[in-house]
4 protein chains.
Amino acid sequence: MNASSVQAFLSDDIIARCGERASKYDRENTFFTEDFEELRKSGYLTIAVPEQFGGRGMTLADVCREQRRLAYRAPATALATNMHLYWTGVAADMRKMGDSSLEWILREAGTGEVFAAGHGEAGNDLPLFLSTAKAQKVDGGYKFWGHKIFGSLAPVWTRLGLHAMDASDPKAPKIVHAFMPRDTKSYTIKETWDVLGMRATRSDDTILDGAVVADKYIARVLPAGTADLFVLSVFGWAEPTFASIYLGLAERARDLAAAGVKKRTSLALTRSMAYHPEIQRCFSEMQLALEAASAQVERVAHEWSIGFDHGMQWPMKLVAAKHNAVEAAKKVVDLAMSVSGGTGMFKTNELERLYRDVRCGGFHPANTILAHEIVGKTVLGIDLGEQPRWG
Amino acid sequence: MNASSVQAFLSDDIIARCGERASKYDRENTFFTEDFEELRKSGYLTIAVPEQFGGRGMTLADVCREQRRLAYRAPATALATNMHLYWTGVAADMRKMGDSSLEWILREAGTGEVFAAGHGEAGNDLPLFLSTAKAQKVDGGYKFWGHKIFGSLAPVWTRLGLHAMDASDPKAPKIVHAFMPRDTKSYTIKETWDVLGMRATRSDDTILDGAVVADKYIARVLPAGTADLFVLSVFGWAEPTFASIYLGLAERARDLAAAGVKKRTSLALTRSMAYHPEIQRCFSEMQLALEAASAQVERVAHEWSIGFDHGMQWPMKLVAAKHNAVEAAKKVVDLAMSVSGGTGMFKTNELERLYRDVRCGGFHPANTILAHEIVGKTVLGIDLGEQPRWG
Amino acid sequence: MNASSVQAFLSDDIIARCGERASKYDRENTFFTEDFEELRKSGYLTIAVPEQFGGRGMTLADVCREQRRLAYRAPATALATNMHLYWTGVAADMRKMGDSSLEWILREAGTGEVFAAGHGEAGNDLPLFLSTAKAQKVDGGYKFWGHKIFGSLAPVWTRLGLHAMDASDPKAPKIVHAFMPRDTKSYTIKETWDVLGMRATRSDDTILDGAVVADKYIARVLPAGTADLFVLSVFGWAEPTFASIYLGLAERARDLAAAGVKKRTSLALTRSMAYHPEIQRCFSEMQLALEAASAQVERVAHEWSIGFDHGMQWPMKLVAAKHNAVEAAKKVVDLAMSVSGGTGMFKTNELERLYRDVRCGGFHPANTILAHEIVGKTVLGIDLGEQPRWG
Amino acid sequence: MNASSVQAFLSDDIIARCGERASKYDRENTFFTEDFEELRKSGYLTIAVPEQFGGRGMTLADVCREQRRLAYRAPATALATNMHLYWTGVAADMRKMGDSSLEWILREAGTGEVFAAGHGEAGNDLPLFLSTAKAQKVDGGYKFWGHKIFGSLAPVWTRLGLHAMDASDPKAPKIVHAFMPRDTKSYTIKETWDVLGMRATRSDDTILDGAVVADKYIARVLPAGTADLFVLSVFGWAEPTFASIYLGLAERARDLAAAGVKKRTSLALTRSMAYHPEIQRCFSEMQLALEAASAQVERVAHEWSIGFDHGMQWPMKLVAAKHNAVEAAKKVVDLAMSVSGGTGMFKTNELERLYRDVRCGGFHPANTILAHEIVGKTVLGIDLGEQPRWG
């Protein structure tokens, strides 16, 4: 299972170059333009696109492995690229399951379109299921108003996935899922992205001010609060890939820390700090966290890839994997810092960035708050939509 | 991976009957005699013995699954039986790897011999690697003196696995591994087993007072402090099976707790306690712990079963899986108690026993203390035998 | 602050004798009769009663200290006795604050009456504030129906504190707080107490089947869901004393564990197991937990004793102290077990009982589930009574 | 205990102004010059200096309270200032205890000298007790070589506390503690300070290249590895003040988070996010952590201030308080981030800085690694100097 039957796609060289650029992007708060161009040229953006559409046809498990390798050196690059990759994976897997409604995504991705996700919103703790944005049916499409946040790949996307509420029938509000072409009118990107970590993703705001998206780019119109294969597939691809990115980041932190303690000496020890029992204990805790989270994430990705039927347990399985991976990664990075004895705090030390990058993991949907609700209710056999929500 | 290609061996009926007897064994502190006879008759004691020796040829992964099912209802029965099962698995897998030195275990197990483990000792925090017991070469075998503890299956074993130190050459002390037949002279079983949990295992003391074991039952003579395939295989079989037992126990606790909160109501809620958000949070934490530990344990068992080569990482992989599984199980049972609102404390409630049984998991080797050392040192590339041990 | 200006009340001898009897009470599941008689004769039951009523006038802080000393050796004895002690403390402090409505408790306690608490109920997650029991006004008093659980001191109480709902006006249900004399008719004590830990408390069920309590023993009639000084004072006395009992228990576990590791040796160490760094780490975690929880509990007890005004923060302060103390104690006992290397599991080892006793701490009100609600809402300035409860 | 008999020293206005400047210092990585000048003018630098030397004579408990207030808005300012404050406190308390050897510090501080700490070193996990720097007795003083790190207040100190090893007698190496005047020759300050958090402290490196310090500025010459009142007093003042700074920081994070959730709404809630039960749970965990750590830190500061005799327990008490406070603060800030739903990640949000600042707490001596050793060994009655260190 560790061993892969599929050859790695990304060359170690590309990953190394991305790794070398990471600290500059972070420091200057700029988009990972050179990385993106290298990845694009290498064909990385179509690894999840089936071969007949010009891609590599990699499964979710394959993509997780690649993303984890990339994130080991360049987590922000992997994270932003993930937004595109998961849309192609969603479309590919839905098609494999017999739903070709998003086949156009595969065709367009095959010819170079770049997809991104504009689902983040303030004032909505159930992302995808509800929306503060407004959708209105117009001739030949839908018109959108709203304020979207966390829109990674802002400088380069050509199709922005987004959703909004059509409440024209107040008794039956609907969620409209659309992909807005870059050349659409009546929207603006607001450069707000100056944050703690994962800075190179440039996850700027998007203001929709009556932007019209044609019917062919309307992916779904669903009753508000409900999920179908489309929504499930978004979680199916997003959670394990997010999780893999943070695992890669954590493995990097552990390895940097290990290299560090092997070089550090102390007057009160006969050998390096690697022989300090409390340091060893810290590495034990790192590894115990990684062993569990790795197994869980790889298993979920594998099960999704082979079409395993978890039925109603799928959302729980997916968010649990991402939640545990991110919590493990936070723990690992914190311990890596501890054993660094303070050197990890310096801007010249990669750990300093990893400590900031890792914290972002808790915010991708399902965030910590929502993950507990999904997992807890699922175990108890309670539908997420049951009202009242609690009590 | 959840789905098994291999059919379950134990019938639900047998497991249910073991479950029904569990509380009586616990209350009366008696050996699980009826369970043992049923399991023996069913062929359960030879599931890991290859078919040509009269067994079922189940892999470690298969055995883990069976033990987890059994432990779901009768954890002490599964735990004691495990001592026998792992010896048969060790012998089977060594043979598969080309080392037939323990083939006799398979033959004897196939004809009804019952194996147990007499490795527990006070005054030795590196079990298997060192020993407070003394071995002396005599004509045709070895003679043993020592005090062994935690000897599960005391009433029924016919071959007791044990180890002792032969320090006749003080510069090169050796560990002698033997299997002592029940009818050996000069040993006594001391009925000391009256403990917190896993009471039905009857893990009594064994006092070796010059007991002689013939050469054919001497499994290994190894330099003290070292491991070979034999020692590794003991960990290979013991850790994942122990882990699976505690996972089964934890799943039972979760399910009992879930059934409980669905029945409990409260004046301050409109529905059952299952709709209390803090109760849901507790189940989320239980499930998050189980998802990770299950994936890790099943993966390690699978990797061992397919002969995956983890090289020097194997001991770490094995003890990490057991450690995480036991810690997860302790957490789950504690949370199951919490949501029971106090009813779980009553002797009439199975949770009461599970709370006691689960605590034993931390003591099987590698215990918590040693697990951290093995994991931490392995991550840092430090050999467990390096001296001084720390500093 | 560690140092006390007040001399200890209980002699070391009495405590030692209680400690010697503890394991027998536990094993035989019997009430702590001999302890109770010794404590009664010593005057311990009136330490919180003001001197003018024949007591010692000890403050909450003093009583916490005594209970902690007693619990160090005999936690169940301290816990059951606590039910009586806190009622006397409640009455004393209310009187000090100018409310003499419970002065009769002080007089009666001074002349030997024994108070207990019958507030535990199934089906009510807001103890004291709501009730599944029914109260009906009758001539000269109230009549009660209901099923009370967790009634410590069942064999010896002469006044059972209890509460029930008078819903005669459905729009304005009221909670009636009463103290039922032992010789009341129409109630029965059902001997259900056979549980995991704190067995000597004999916290049996009480079935109220139309029991009539005279007006003079009606302490309060309050709107359902509300608290006044009486209710606050119950928390004021119960939480810090409960907390102190579990701290005493935890200190005992730590000390037993420390004595144990100093005696245990290992072949792989040059000195005792106290020199094993991972063992030291376990003691560090125990002590870190105890330092924090001790300071918090002693501070809250002191602040209550001096009449510090925490205003609306008081309930939060009180339940937070008890919650943290119990969680710390659970952690300490678990670590004490870990370092025992398995010997702590034997019935002959006091740790075995402490491991069972400590788990009860989570169930005393406010239990873990409720504690989080009280603390979280208080920090956010949300009244516990606000409806809907969440969302 | 919460209530203070001593009036606050710093005005809310000064603190507010420091708070307003904090983000600029952080962003531009500059020293808190304006804050420092305001604090100096206000007399803050002499609050711990006895009145007869021109100060305010505040106790450790008082100083902790002031530092916590200041850190609530400007943690880096409080932290750097702390280096000066603790030296004055050390000198004042030693004098109170009858040791006037550092009285000159009080006189000089009274006349405007600024003290700092140059004890941080790479390659030494037992700070203060050993040193990688070299001291050599010369006529009229000592000569120093070495590389010191984490030297807060680099731009403004006039007396740098430092220590080095005099190994002229290899059998009896000694630690020389000195205060180097700013105008000393043969040392350089290297501007290395560009780090994760607490950036305004400007904790640059100091290279000692034969710097000579006159005898009058030699505070102590102690056998290596030992402590006396001087060393204990450094811990006595440093630990509780460090702890208080991180508590202040954590309280700020909690309060910002609470204000945030009260303003945030969600489509799936009828009221603000403050009514989301999982959000409430997060605040419960924050408060539970703060209640315990606050009580512990305030207690230790109080006990030190009143001269309570903890004997050999003092080092444990001190580092335990700092350790628990920092761990609590890290937890609080992480939870504050969680409930921010992502807004806390933006550079415009103060939480973003607090998340970075708080991580520094683990590195002040005694760091996490050392704290466990001190606490664990103390509980077990093992002297920190016993050799071998473990095993």
From a point 7 Å beyond the Cα of residue B:30 in the direction of its Cβ, which residues of segment C:337-354 have a backbone N at a distance under 14 Å? none
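What does the net charge come to around residue C:222 if you take all other residues with beta carbon closer than 9 Å to its beta carbon, with K and R at +1 and D and E at -1? If you can, show how the numbers build up before the last one.
Working: positive: C:174, C:220; negative: C:228.
Within the 9 Å Cβ shell, the charges total +1.
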Separation of the residue D:255 and residue B:168 label points, Cα + 7 Å toward Cβ, nm: 7.8 nm
Measuring label to label, 7 Å along Cα→Cβ, what does residue D:136 give against each other copy in nm, shortest first? 6.4, 8.5, 10.0
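Per-residue ellipticity at 222 nm for chain C, helices alone: DSSP H runs ≥ 4 residues times -39500 (n - 2.57), over residue total, nearest 500 deg cm²/dmol? Please report the intermediate quantities before stating the final value.
Values: 10 runs with 183 residues, N = 391.
That comes out to -16000 deg cm²/dmol.
Residue by residue through B:365-373, how many Cβ atoms from other chains fall within 10 Å of the Cβ on average? Intermediate values should be presented prior to the final figure.
On the way: counts 0, 0, 5, 8, 10, 3, 3, 12, 7.
What the average comes to for B:365-373 is 5.
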Whole-Hz Karplus ³J(HN,Hα) for segment D:136-142, in order, using 6.51 cos²θ - 1.76 cosθ + 1.60 and θ = phi - 60°, x for Gly and Pro? 9, 5, 10, 4, x, x, 10
Classify segment A:1-130: rounded, prolate or oblate, from the alpha-carbon gyration tensor (a ≥ b ≥ c, eigenvalue square roots; a/c under 1.5 rounded; otherwise prolate if a/b is larger than b/c)? oblate
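Going highest first, how would you order B:263-269, D:229-235, C:176-182, B:243-249 by mean Cβ packing within 10 Å? Could you put the intermediate results ahead of the total?
On the way: B:263-269: 17.6, D:229-235: 20.0, C:176-182: 21.9, B:243-249: 30.3.
Ranked by mean Cβ neighbours within 10 Å, highest first: B:243-249, C:176-182, D:229-235, B:263-269.
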Say each of residue C:40 and residue D:42 gets a label point 7 Å from the Cα, pointing the same way as Cα to Cβ; how far apart are those two points in nm? 6.2 nm
Amide H contacts under 5 Å for residue B:120, restricted to residues at least 5 apart in sequence or on another chain and with H modeled in the peptide plane, are B:149
Between residue B:51 and residue D:220, with labels modelled 7 Å along Cα→Cβ, what's the label distance in nm to one decimal, could you check? 7.7 nm
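Would the protein assembly as shown count as rounded, prolate or oblate if I go by the C-alpha gyration tensor, calling it rounded below 1.5 in a/c and otherwise prolate when a/b exceeds b/c, oblate otherwise?
Working: a/c = 1.11, a/b = 1.02, b/c = 1.09.
Here the protein assembly as shown falls in the rounded category.
Rounded to the nearest 20 Debye, what is the dipole magnitude of chain B about its Cα centre when Lys and Arg each give +1 and Asp and Glu each give -1 at the C-beta?
Numbers: 46 positive and 47 negative charges, 138 e Å.
Result for chain B is approximately 660 debye, rounded to the nearest 20.
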Just to confirm my numbers, what's the Cα centroid distance between segment B:1-71 and segment B:104-131 in Å? 20 Å
Axis carrying D onto A: which residue of D has the nearest Cβ, and how far, whole Å? D:356, 4
Compute the FRET efficiency between residue A:309 and residue A:7 as 1/(1 + (r/R0)^6), taking r as their Cβ-Cβ distance and R0 = 51 Å, and round to the nearest 0.05. 0.95
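Count the net charge of all other residues whose Cβ sits under 13 Å from the Cβ of residue B:100, scoring Lys and Arg as +1 and Asp and Glu as -1.
Numbers: positive: B:95, B:96, B:107; negative: B:93, B:99, B:103.
Within the 13 Å Cβ shell, the charges total 0.
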Kindly state, to the nearest 0.05, the FRET efficiency for residue D:16 paired with residue D:111, given R0 = 35 Å and r defined as their beta-carbon distance. 0.75
Let me check I've understood the local charge: for residue A:368, count other residues with C-beta under 9 angstrom from its C-beta, Lys and Arg +1, Asp and Glu -1. What total comes out? -2
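Whole-Å semi-axes of segment D:304-352's equivalent ellipsoid, largest first, each the root of 5 times a Cα gyration tensor eigenvalue? Kindly include the intermediate steps, with their values, before the conclusion.
On the way: eigenvalues 264, 20, 9 Å².
Each semi-axis is the square root of five times an eigenvalue, giving 36, 10, 7 Å.
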Please compute the length gained on full extension between residue C:270 and residue C:186, using 0.36 nm multiplied by the number of residues separating them and subtracting their Cα-Cα distance. 23.4 nm
How large is the charge dipole for segment D:110-187, taken about the Cα centre, if only the Cβ atoms of Lys, Arg (+1) and Asp, Glu (-1) carry charge, to the nearest 20 debye? 120 debye
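Rounded to the nearest 0.05, what FRET efficiency do residue B:263 and residue A:348 have when you use their Cβ-Cβ distance and R0 = 51 Å? Intermediate values should be presented prior to the final figure.
Details: r = 60 Å, r/R0 = 1.17.
Working from the Cβ atoms, E equals 0.30.
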Per-copy distances of the residue B:191 label point, shortest first, in nm (7 angstrom along Cα→Cβ): 2.7, 8.2, 8.3
Taking the label point as lying 7 angstrom from Cα along the Cα-to-Cβ axis, what are the distances from residue B:34 to the corresponding position in the remaining copies, in ascending order and in nanometres? 3.8, 7.5, 8.3
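Quick note: the coordinates plus some simple rules give every number you see, no bench work behind them. It should be emphasised that the depicted structure is a prediction, and the values quoted were computed from it without experimental measurement. No Cβ is skipped: glycine too gets one built from the backbone with ideal geometry, and neighbour counts run over all protein chains shown.
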